[in-house]
Amino acid sequence: MRVEFGVLGPVTAWDEAGEPVALRGPRHRAVLARLIIARRRVVPVSVLVEDLWPDPPAGAVATVRSFVAALRRALEPGRAPRTPARLLVTEGPGYALRAGRDDVDAWRFEQALASVGTLPPRRAAEELDAALALWRGPAYAEFAEEPWARAERARLAELRLGTVERRAEALLALGRGTEAVSELDAHVTEHPWREDAWRLLALALYRDGRQGDALAVLRRARALLVEQLGVDPGPRLLRLEADVLAQAEHLEAGPDRDAQSAQTAQTAQTAQSAQPVQAEQVWARAATAYDRTVAPGARARLESTVGLLRDLAVTGGGGLTAAREHREAAVEAAEELGDAELTARVIGAYDVPAIWTRSDDPRLAARLVDAAERTLAGLPPGTHPAVRARLLATVALESRGSGTRRADRAAREAEETARGLDDPALQAFALNGVFMQSFGRTGLAAQRDATGAELVAVSARNGLVSYEVLGHLIRLQARAGLGDFPGADTHAAAADRLAERHERPLVTVFTRWYAALRRDAVDAPSAPEAEAAYRDAAALLEDAGMPGLRHGLLPLALLCVRVRRSLPAPAGRAAEDTDWGPYAPWARPLVLLAEDRRDEAAAALRRAPDPPHDLLAEALWALTGHAAVALGDRETMRRAYRALAPAAGELAGAGSGLLTVGPVTDHLTALATALGHRP
């Protein structure tokens, strides 16, 4: 049965016949609303408890589970007993609502807005009318006072107001200015801070032959903005007033002109749809003041740019990609100025937390390491130790996966300096470098867990949210590697909670993958079920801006699923169509074995290098050992045994928080047996 959900007004649901679904009490609807806000992502039970009760009662977790059970009965009344839910699902430490893109009115509203930008004015007006008709009242109406709903309610309200203005723009383009005037007049009365609404109202009046009324509206706008908000009108309003006074020709209606204007409005609306207008105004005023005050060639602009890039990198996949591109240009610009201390500050200011041990851009990473090393050599005597420590931490981070002594020494020196300076932000940055260099051998999950615990403690005491999230993700990985899934669940929930409250969308990539790993390792589902969980998690990587993580990861996870269940690797066309990415050397022997090409498999195994020193070392060594046993390659068996022995108490690959090939002990036993000695 298809269920549609409504949140543009009181929270409700309708069945296929359009009849309301009985959602029980207000807390049942609150759970549903909270899951819809999460947009198909998992919401941990602990977060639901905190959001439902300021002071959770005893048995709150059990109560939430009873709410979920009641919602499942209401939403899937025909589901057979003991069959898994398809809509409100349990995943990892919590629940997710797997509603389709067209099944939530707010999501349909957003899709409609996204499709309007290229439409001609008549079609645009029709589509915007239909989109506005979805609203039955304020979004999430009965949860107006709930902190967990506040940001989403504000975002949707801002989208709606912008849609009203975009519709007015379309009406103006169609020559329906009189109709636009009546609607815009009510709009600006209710929302007097919206400068674009005032602009459109004045323009509509002018085109209706009411120049005096248009000027009166612009002056009323100026008075209200100054008196109520304490801000001056923006440049577009001021320019319009001058154009109205001059009866500028370009103010007259024209299809090409209005189409361009509508496109401009659509672009502006998209850019500000996620932020309340007041925040947008603050940003615009600050940026204007900066441009006016700081000279174009000032070196301070470079340092300010890196600060912006650091913030941009945690906003999502697009922001992360853009930050990487502009970071290289900023470092090059700093080096061209020949000021080693400035260059050091520009390089070291980009202290964006990093959790994955394979670089997203190896070429850029190598250039950054070279630049940092050159700058270290050129620092003048008397440079503050923190400047040097940040360069060393950069070397450690950007040398991830290299396993070089230089990178390890850089991490340790940066950490030692940070401790001596009692600089929490520097200490967190240095600890990130220590984490990246903690893969000298297998079996170091406990050591990384200690690093993660220190990161959490330092960051929580000093308000370093991004590093607190990093600490929890490191501990999630480490506890999973040690087979402590309840402990890993705790850190996944903590990371999700922080990410949601501080807008860190990329965290979900790792916690969703962890949920797939947990299902695979703990629930022991069938191979198709485990593969489906990994495929769902992989969908989040499409726009995450992390090619170093994405490339080859899903095929590797699916191969591990099959090896754990003693199933052959993909073969034939399936193997040919698979992009194994950087994991091809360790997957290929198993693929060739599945095709019964033993000689080629043996040659491929001999050519395979030792796995890199990173989060997947144990998994790749386990796959290497598995292939060696199948092929009777005793030398490779011995190498795999020696490499895996320090990790005897761990789950191979689970220390990545992403996948597993099962207990390392099982692989050691198989290797020892094949070699003819006790494990």
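The values are calculated or read from the model by the stated rules, or taken from the named source; none is laboratory data. On a predicted model such as this, the values are computed, not experimentally measured, just so you know. Methodologically, a virtual Cβ is constructed for each residue, glycine included, from the backbone with ideal geometry; neighbour enumeration extends over all protein chains shown. Keep in mind that these areas ignore ligands, DNA and RNA; they rest on the heavy atoms of the full protein, side chains included. Shrake-Rupley method; radii C 1.70, N 1.55, O 1.52, S 1.80 Å.
Observations
- Out of Gln477, Gln427, one residue alone is over 30 Å from Asp523 (Cβ atoms) and within 25 Å of the chain's Cα centre (by Cα). It is Gln427.
- Residue match in region 473-487 (condition: out of contact with any Leu (no Cβ under 9 Å at 6 or more places or on another chain), under 25 Å from Gly316 (Cβ atoms), crowded, with 24+ Cβ neighbours inside 10 Å and not polar (S, T, N, Q)): yes
- Failed item, numbered, when Thr375 is tested on (1) under 30 Å from His551 (Cβ atoms); (2) out of contact with any Phe, Trp or Tyr (no Cβ under 6 Å at 6 or more places or on another chain): (1)
- Criterion: within 25 Å of Leu549 (Cβ to Cβ) and buried (at least 24 other Cβ atoms within 10 Å of the Cβ) - qualifying residue of Ala411, Ala344: Ala411
- Qualifying residue in region 44-53 (condition: more than 22 Å from Glu503 (Cβ to Cβ), modelled with pLDDT of 90 or more, aromatic (Phe, Trp, Tyr) and surrounded by fewer than 20 Cβ atoms within 10 Å (Cβ to Cβ)): yes
- Residues located in region 524-564, provided they are assigned to a loop (DSSP other than H, G, I, E, B), open to solvent by 20 Å² or more (accessible area, probe 1.4 Å) and at pLDDT below 90: Ala524, Glu542, Asp543
- Residue match in region 382-403 (condition: within 21 Å of Glu336 (Cβ to Cβ) and not in a helix (DSSP H, G or I)): yes
- Residue selection: Val629 fails the criterion of being touching a strand residue (DSSP E or B) at 6+ places or on another chain (Cβ under 9 Å), among the aliphatic types (A, V, I, L, M), on the phi < 0 side of the Ramachandran plot and at pLDDT 95 or above.
To keep it simple, each residue is scored yes or no on (1) in contact (Cβ under 8 Å) with a residue 60 or more places away in the chain; (2) of a type outside the set (D, E, K, R); (3) outside any loop (DSSP other than H, G, I, E, B).
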position	(1), (2), (3)
Ile474	yes, yes, yes
Arg479	no, no, yes
Gly483	yes, yes, no
Leu498	no, yes, yes
Pro505	yes, yes, no
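- Search result, residues across region 385-408 that are over 24 Å from the mean Cα position of the chain (by Cα) and basic (Lys, Arg): Arg388, Arg390, Arg405, Arg406
- Pairs where the first residue, in region 573-585, is under 17 Å from Ala622 (Cβ atoms) and of a type outside the set (Lys, Arg) and the second is open to solvent by 60 Å² or more (accessible area, probe 1.4 Å) and in a helix (DSSP H, G or I), C-beta under 8 Å, 6+ apart: Trp580/Arg588; Pro585/Arg607
- Residue within region 609-621 that is open to solvent by 60 Å² or more (accessible area, probe 1.4 Å), modelled with pLDDT of 95 or more and either of a type in the set (Phe, Trp, Tyr) or touching a helix residue (DSSP H, G or I) at 6+ places or on another chain (Cβ under 9 Å) (or both) present: yes
- Some residue of region 626-635 being under 20 Å from Gly552 (Cα atoms) and either open to solvent by 40 Å² or more (accessible area, probe 1.4 Å) or small (Gly, Ala, Ser) (or both): yes
- Filter pass, Arg108 being in contact with a strand residue (DSSP E or B) (Cβ under 8 Å, 6 or more places away or on another chain), open to solvent by 30 Å² or more (accessible area, probe 1.4 Å) and modelled with pLDDT of 90 or more: no
- Candidate set from region 204-225 (those that are outside any helix (DSSP H, G or I) and not basic (Lys, Arg)); member that is farthest from the chain's Cα centre (by Cα): Gly209
- Filtered by the rule that a residue be of a type outside the set (A, V, I, L, M, F, W, C), under 20 Å from Thr12 (Cβ atoms) and surrounded by 15 or more Cβ atoms within 10 Å (Cβ to Cβ), region 54-79 gives Arg72, Glu76.
- Taking the criterion of being closer than 20 Å to Ala173 by Cβ and of a type outside the set (Asp, Glu), the residues of region 238-254 that qualify are Arg239, Leu240, Val244, Ala248, His250, Leu251, Ala253, Gly254.
Yes/no per residue for (1) β-branched (Val, Ile, Thr); (2) part of a helix (DSSP H, G or I); (3) at positive phi:
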site: Leu159; (1), (2), (3): no, yes, no
site: Arg167; (1), (2), (3): no, yes, no
site: Leu172; (1), (2), (3): no, yes, no
site: Val181; (1), (2), (3): yes, yes, no
site: Asp185; (1), (2), (3): no, yes, no
site: Pro192; (1), (2), (3): no, no, no
site: Ala197; (1), (2), (3): no, yes, no
site: Ala202; (1), (2), (3): no, yes, no
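- The numbered conditions (1) within 24 Å of the chain's Cα centre (by Cα); (2) surrounded by 22 or more Cβ atoms within 10 Å (Cβ to Cβ); (3) at pLDDT 85 or above are all true for Arg98 except (2).
- Across region 132-187, the number of residues qualifying as exposed (fewer than 15 other Cβ atoms within 10 Å of the Cβ), of a type in the set (Lys, Arg) and in contact (Cβ under 8 Å) with a residue 24 or more places away in the chain comes to 1.
- Residue satisfying all of: in region 636-649; open to solvent by 30 Å² or more (accessible area, probe 1.4 Å) and among the aliphatic types (A, V, I, L, M); farthest from Phe485 (Cα to Cα) among these: Ala645
Let's see how each residue does on (1) within 27 Å of Leu473 (Cβ to Cβ); (2) in contact with an Asp or Glu (Cβ under 8 Å, 6 or more places away or on another chain); (3) surrounded by fewer than 21 Cβ atoms within 10 Å (Cβ to Cβ):
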residue: Arg299; (1), (2), (3): no, yes, yes
residue: Val306; (1), (2), (3): yes, no, no
residue: Glu335; (1), (2), (3): no, no, yes
residue: Ala354; (1), (2), (3): yes, no, yes
residue: Ala386; (1), (2), (3): yes, yes, yes
residue: Arg390; (1), (2), (3): yes, yes, no
residue: Leu397; (1), (2), (3): yes, no, no
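- Scanning region 650-679 for residues that are of a type in the set (S, T, N, Q) and either open to solvent by less than 50 Å² (accessible area, probe 1.4 Å) or in contact with a Ser or Thr (Cβ under 7 Å, 6 or more places away or on another chain) (or both) yields a count of 2.
- Going through (1) under 19 Å from Phe510 (Cα atoms); (2) in contact (Cβ under 8 Å) with a residue 24 or more places away in the chain; (3) among the basic types (Lys, Arg) one by one, Arg535 falls short only on (2).
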